[in-house]
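As C-alpha cells, the structure follows; a few thoughts come after it.
The values are calculated or read from the model by the stated rules, or taken from the named source; none is laboratory data. Remember, predicted model here, so these are calculated numbers, not experimental data. Every residue, glycine as well, gets a Cβ built from its backbone with ideal geometry; the counts of neighbours run over all protein chains shown. The protein model used for the area step is the full one, side chains on, heavy atoms only, and it has no ligands, DNA or RNA in it. Shrake-Rupley method; radii C 1.70, N 1.55, O 1.52, S 1.80 Å.
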Amino acid sequence: MAFPVTRLRRLRRNEALRSLVRETYLTPENFVYPIFVCPGKGVRKPVRSMPGVFNLSVDEAVKEVREVRALGVPSVIVFGLPERKDEVATGAWADDGIVQQAARAIKRDVPDAILIGDVCLCEYMSHGHCGIVKAAAQSLGAAAPPPAATTEYEIVNDATLELLARTSISLARAGIDIIAPSDMMDGRVGAIRKGLDEAGFSNTPILSYAAKFASAFYGPFREAADSAPQFGDRRSYQMDPANFREAMREMEADLEEGADMIMVKPAMPYLDVIAAARKRFDVPLAAYQVSGEYAMIEAAAQNGWIDRERVMMESLTSIRRAGASMILTYYAKDAARLLG
Ligand SMILES: [Zn+2]
C-alpha cells in the first residue's frame, strides 16, 4: 500500500502516539558514569575542557558515586591519577594505588554500586604510553638516544600483558566488580582472564575495550586523566579509524580469549561498528561516548548554537539505537535526571 493509503505521519500526530510507537528508550540503567580519582582530600578540580567533570579525591569520589546511584545509574568506571608515575606503572597495580583506595572506600559506603575498573598503564607511566616502552632494535646500542628524542621506540606487547594481569588482580582484590582493559595489546584479555582465575577471581567479568580506535576525540580526556603520551602517538596499538573489518576481528579475538562484554570507543563516529557488532555478537555491547564528543556538545551549547538537552538525549539515543546495551557517558547524571 502506498500513499495516499499509507500515511506515516498518522503515528506522529502527538506525543502520546509517538511514545506508543517509539522503538528506542533510554533508561538510567543503561548508563555508566566515568570518574577520575586523584590524591588528596576534599579535592574537586574542574577539567577545563569538560565542563561539569572533575578530578575527585577519594572522599569526593564516594560522594559522587552516592549521587550517581541515587539517580538510578547503577555503575561507574573508575580512572586514576596517581601521585607518581614511573616506567613500570607501579601506581596501576600497587595495592594502595589510587583506584584501589577509591574502590575500597566506595564499596564501604555504596556497596551496591557496580564498579568498573579501567585497566591501562598510560595514566601511571612516566611516558604516558599504554604499555612498556623500549627503544626499537635499530636504535639500540651505546649511542642510542633515549626514546623521547626519537620515533625509534616500540610498545612491547607480551611483557605488558603481565602488568595488565597484575593490575586486574589488584583491582579485583580492592573490590572492583568488572575489569575493563583499554590498552589494546594483543592477548590481554586471555592474560587477564588467566590471572584473575588463578588468583581466585573466576567470577569477575571482563568488559574489553575491543574496538578502540586511535581517535582525536580523546583529546579532553588526556587532560582529565593526565595521560597524554610524552612522545609519539598510540597508532601502533589502537585501531585505524578507517578499519571496520579489523574491528570485527578485534572483537572476535577478545571474545575467544574470554571477554564477557565488549566495547566500541568512541561512540558516535563509529555507530556503524556498533550496529554491526550488535548483529554479529550475542554479548552485552558497550559504547563509550568519549570526552571529545562531550566537549563538542558542551562548547556548542555554551555558544548558544545548539539546544544542549536535546542534543545530549539525541546523541545518547543514537548510540542506543545503533545497538549498544550500555553507554559510558559524561552525561549519565544529567540524562538520568531528565529521565527521572
Ligand atoms: Zn592507555
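Inspect all residues belonging to region 8-15 and state whether any of them is more than 20 Å from M261 (Cβ to Cβ) and either open to solvent by less than 20 Å² (accessible area, probe 1.4 Å) or in contact with a Ser or Thr (Cβ under 9 Å, 6 or more places away or on another chain) (or both). Scanning region 8-15, I find no residue that is more than 20 Å from M261 (Cβ to Cβ) and either open to solvent by less than 20 Å² (accessible area, probe 1.4 Å) or in contact with a Ser or Thr (Cβ under 9 Å, 6 or more places away or on another chain) (or both), so the answer is no. Just so you know, in region 41-60 the residues that are among the small types (G, A, S) and surrounded by 15 or more Cβ atoms within 10 Å (Cβ to Cβ) include one that is nearest to V78 (Cα to Cα), and it is S57.
If we keep just the residues of region 189-231 that are open to solvent by 50 Å² or more (accessible area, probe 1.4 Å) and within 14 Å of the ligand (Cβ to nearest atom), which is nearest to S291 (Cα to Cα)? Only one residue fits best here, namely R222. S208 fulfils the conditions (1) in a helix (DSSP H, G or I); (2) of a type outside the set (F, W, Y); (3) modelled with pLDDT of 95 or more except for a single criterion, (1).
The residue that is farthest from the ligand (Cβ to nearest atom), among those in region 111-121 that are over 12 Å from W93 (Cα atoms) and open to solvent by less than 10 Å² (accessible area, probe 1.4 Å), is A113. The set of residues from region 1-60 being farther than 29 Å from A322 by Cβ and hydroxyl-bearing (S, T, Y) comprises just one member, S57. Of all the residues in region 89-110, those that are basic (K, R) and either closer than 20 Å to A165 by Cα or within 16 Å of the ligand (Cβ to nearest atom) (or both) number 1. Selection within region 165-188: residues that are in a helix (DSSP H, G or I) and within 16 Å of the ligand (Cβ to nearest atom). The member of this set that is surrounded by the most Cβ atoms within 10 Å (Cβ to Cβ) is L171.
Can you find a residue that is surrounded by fewer than 23 Cβ atoms within 10 Å (Cβ to Cβ) and within 13 Å of the ligand (Cβ to nearest atom) anywhere in region 238-247? Checked region 238-247: at least one residue is surrounded by fewer than 23 Cβ atoms within 10 Å (Cβ to Cβ) and within 13 Å of the ligand (Cβ to nearest atom).
Yes or no, residue by residue, for (1) outside any strand (DSSP E or B); (2) of a type in the set (D, E); (3) closer than 20 Å to D177 by Cβ; (4) out of contact with any strand residue (DSSP E or B) (no Cβ under 6 Å at 6 or more places or on another chain):
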position: R9; (1), (2), (3), (4): yes, no, no, yes
position: Y25; (1), (2), (3), (4): yes, no, no, yes
position: E29; (1), (2), (3), (4): yes, yes, yes, yes
position: I35; (1), (2), (3), (4): no, no, yes, no
position: G42; (1), (2), (3), (4): yes, no, no, yes
position: S49; (1), (2), (3), (4): yes, no, no, yes
position: A61; (1), (2), (3), (4): yes, no, yes, no
position: R84; (1), (2), (3), (4): yes, no, no, yes
position: Q101; (1), (2), (3), (4): yes, no, yes, yes
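Look at (1) surrounded by 15 or more Cβ atoms within 10 Å (Cβ to Cβ); (2) more than 19 Å from the chain's Cα centre (by Cα); (3) under 20 Å from M184 (Cα atoms) and you find that M125 fails only one, number (2).
In this structure, A259 qualifies as of a type in the set (A, V, I, L, M, F, W, C), crowded, with 17+ Cβ neighbours inside 10 Å and either touching a residue at least 60 places away in the same chain (Cβ under 8 Å) or under 25 Å from I192 (Cα atoms) (or both). Here region 266-275 is the region considered, the condition is being under 14 Å from M239 (Cβ atoms) and open to solvent by 10 Å² or more (accessible area, probe 1.4 Å), and the residue that is farthest from the chain's Cα centre (by Cα) is D272.
Can you name the condition, by its number, that A214 falls short on among (1) under 16 Å from the mean Cα position of the chain (by Cα); (2) on the phi > 0 side of the Ramachandran plot; (3) free of Cβ contacts under 8 Å to residues at least 40 places away in the same chain? It fails just one condition, (2).
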